[in-house]
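The values are calculated or read from the model by the stated rules, or taken from the named source; none is laboratory data. Owing to the predicted nature of the structure, the values given are computational and were not obtained by experimental measurement. Glycine gets a Cβ as well: all are built from the backbone with ideal geometry, and neighbour counts include every protein chain shown.
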Amino acid sequence: MLEFRWHGRAGQGIITAIRLLASSAILEGKYVQAFPQFGPERIGAPIVGYCRISGTPITLHGPIESPDVVAVLDPTIIGLVDVVEGLKHNGVIVVNSKDDPRRLAAKLGVARTYTIDATGISLDIMGSGRAVNIAVMGAVTRVTGIVSRESLVKVLSERFTGRILDMNLKVLDRSLKEVKGVEG
């Protein structure tokens, strides 16, 4: 089982990303749990989302305290929230950032650190930051191999149509190619 914890801000699409990832895993016959944790936050407030994916039924319930993977959609929350809290010893962090992953790895103290310029990709393709979640989701799947590109495409095709689908697929494909990392 892989456990994911997602950090971002309300309105960035964390809920959409964890649902798309979970739906892709279901297509592949895996068991999933995907749920956000937030209160009455307004747009822009830090929020957390969780996702568990397993080849066997999942009997755990509740927040993920020791994730295998941490995804960060908004790098400005790194100073506000301890995003690496509880990250397993050999855990992975994927951050929406232009920074060199080696520099970020040293700053965070995480050997397996990956970066993706999700904001840049989204701005380039969509003209806005609305697809940062799709770019980070693509990077996470590339790093972990938890689901295939084909499953992601199928799920995206069920959620979006026309021009919006085309742009999201371009964001996904660029993120799969452009994620950079260091394995410590």
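No other residue among Leu152, Leu156, Leu165, Leu176 is surrounded by fewer than 23 Cβ atoms within 10 Å (Cβ to Cβ), of a type outside the set (Ser, Thr, Tyr), touching a Ser or Thr at 6+ places or on another chain (Cβ under 7 Å) and modelled with pLDDT of 95 or more apart from Leu165. Listed by first and then second residue, the pairs with beta-carbon distance under 8 Å, at least 6 apart or on different chains, first residue in segment 149-173 and outside any helix (DSSP H, G or I), second not aliphatic (A, V, I, L, M), are Phe160/Asn168.
For segment 33-55, a residue qualifies if it is over 21 Å from Gly91 (Cα atoms) and assigned to a loop (DSSP other than H, G, I, E, B), and the qualifying residues are Phe38, Gly39, Pro40, Glu41, Arg42, Ile43, Gly44, Ala45.
For Val69, the stated conditions do not hold, so it cannot be described as touching a strand residue (DSSP E or B) at 6+ places or on another chain (Cβ under 6 Å) and more than 22 Å from Ala22 (Cβ to Cβ).
In segment 86-110, the residues that are in contact (Cβ under 8 Å) with a residue 12 or more places away in the chain and of a type in the set (Ser, Thr, Tyr) reach residues that are outside any loop (DSSP other than H, G, I, E, B) and surrounded by 14 or more Cβ atoms within 10 Å (Cβ to Cβ) with C-beta atoms within less than 9 angstrom, at least six apart or across chains, in these pairs: Ser97/Val72; Ser97/Pro75; Ser97/Leu104; Ser97/Thr115; Ser97/Ile116; Ser97/Ala118; Ser97/Thr119.
The single residue among Val83, Val94, Val110 that is surrounded by 15 or more Cβ atoms within 10 Å (Cβ to Cβ), part of a strand (DSSP E or B) and either β-branched (Val, Ile, Thr) or modelled with pLDDT under 95 (or both) turns out to be Val94.
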